[in-house]
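Peer 1: Structure in structure tokens, see below.
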Amino acid sequence: MDTYRHGNNACSMTTPLSAMAEAFEELLEISKANQKGSEEEMRLDTFCDACSFVSVLFGCLGLAFKFAELEYVSKVRDLKEASRTYDTIEDILELDVANDTVKTPGSLSRNLRRVRQGLDLIRALFEQFLSTEEYSLKEAASTAYAQVCAPYHSWTIRTAVAAGMYALPTRDQLLLRLSETDQSAEKKMRRYISAALPVIEYIDKLYLSRNIILDW
């Protein structure tokens, strides 16, 4: 729990980065257990709850990532709704594989794929953000987008994103919006990176194990 001082009063609060890191560390334990031979699968509702914390960060990034925020939030919401019917993320993949609808727009498996890309985008953004203090948020975000999302986006979307990059907040503005300092943000971003990467790989393996190529 992080403590921040507002005016003359000290108060404790969980920041967006703290919530993200903690939620994905819980998911990490499930993916680790699975790698060790456990039959425990990742619950869809638990996954969606963790992903919902990332939505806050997209909102802090402004216009440049509005496309990602809108797509990400709507797909997390759809998956959360589906969790009333399906227990695990494996269940929704099995459903779409059986119906040959994995890549069909609006299918749960396609939504999961897009949410996974959103998680990876934030992971790449954090890595670039932490690579040097001289790296602006615009540079970090541009590099992260080029790595993770640009290969799958049309020229129109790529152009709109490039134009929006100029509206990104500065490093200091982002830290202020997240209620963090440079030092506290670095620790929590690294925690998210360490936890999210194995979770992303876990999701990728679910597709690959079903002979679904990840080129979309």
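Peer 1: Counting residues that are within 19 Å of the chain's Cα centre (by Cα) and surrounded by 17 or more Cβ atoms within 10 Å (Cβ to Cβ), which helices (runs of 4 or more DSSP H) fully inside the stretch 130-189 reach at least 3? Show your work before the answer.
Peer 2: Working: elements: 137-148, 155-164, 171-177.
Correct list: 137-148.
Peer 1: Scan the stretch 147-158 and give yes if some residue there is at pLDDT below 90, touching a helix residue (DSSP H, G or I) at 6+ places or on another chain (Cβ under 9 Å) and of a type in the set (S, T, N, Q), otherwise no.
Peer 2: Checked against the condition, which is being at pLDDT below 90, touching a helix residue (DSSP H, G or I) at 6+ places or on another chain (Cβ under 9 Å) and of a type in the set (S, T, N, Q), the stretch 147-158 yields no hits at all.
Peer 1: Still on this model: Here are the criteria: (1) surrounded by 15 or more Cβ atoms within 10 Å (Cβ to Cβ); (2) modelled with pLDDT of 85 or more. Tell me which single one residue 98 does not satisfy.
Peer 2: (1)
Peer 1: Check 115, 97, 102 and return the single one that is touching a helix residue (DSSP H, G or I) at 6+ places or on another chain (Cβ under 9 Å), in contact (Cβ under 8 Å) with a residue 60 or more places away in the chain and in a loop (DSSP other than H, G, I, E, B). Please lay out each step first, then the result.
Peer 2: Numbers: 115 fails: in a loop (DSSP other than H, G, I, E, B); 97 fails: in a loop (DSSP other than H, G, I, E, B).
Just one listed residue meets the conditions, 102.
Peer 1: Restricting the search to the stretch 82-116, which residues are in contact with a strand residue (DSSP E or B) (Cβ under 8 Å, 6 or more places away or on another chain) and among the polar types (S, T, N, Q)?
Peer 2: Selection gives 83, 88.
Peer 1: Among residues belonging to the stretch 58-67 that are touching a residue at least 12 places away in the same chain (Cβ under 8 Å) and open to solvent by 10 Å² or more (accessible area, probe 1.4 Å), point out the one that is nearest to residue 16 (Cα to Cα).
Peer 2: Here is the first cut: in the stretch 58-67, the ones touching a residue at least 12 places away in the same chain (Cβ under 8 Å) are 58, 60-67.
Going one step further and asking which of them are open to solvent by 10 Å² or more (accessible area, probe 1.4 Å), we end up with 60, 62-63, 66-67.
Working: 60: 10, 62: 16, 63: 19, 66: 18, 67: 20 Å.
Only one residue fits best here, namely 60.
The values are calculated or read from the model by the stated rules, or taken from the named source; none is laboratory data. All figures in this text were calculated on a predicted structure; none of them were measured in a lab. Every residue, glycine among them, receives a Cβ derived from its backbone with ideal geometry; neighbour counts consider all protein chains shown. Remember, those area values only see protein heavy atoms, side chains included, never the ligands or the DNA or RNA. Shrake-Rupley method; radii C 1.70, N 1.55, O 1.52, S 1.80 Å.
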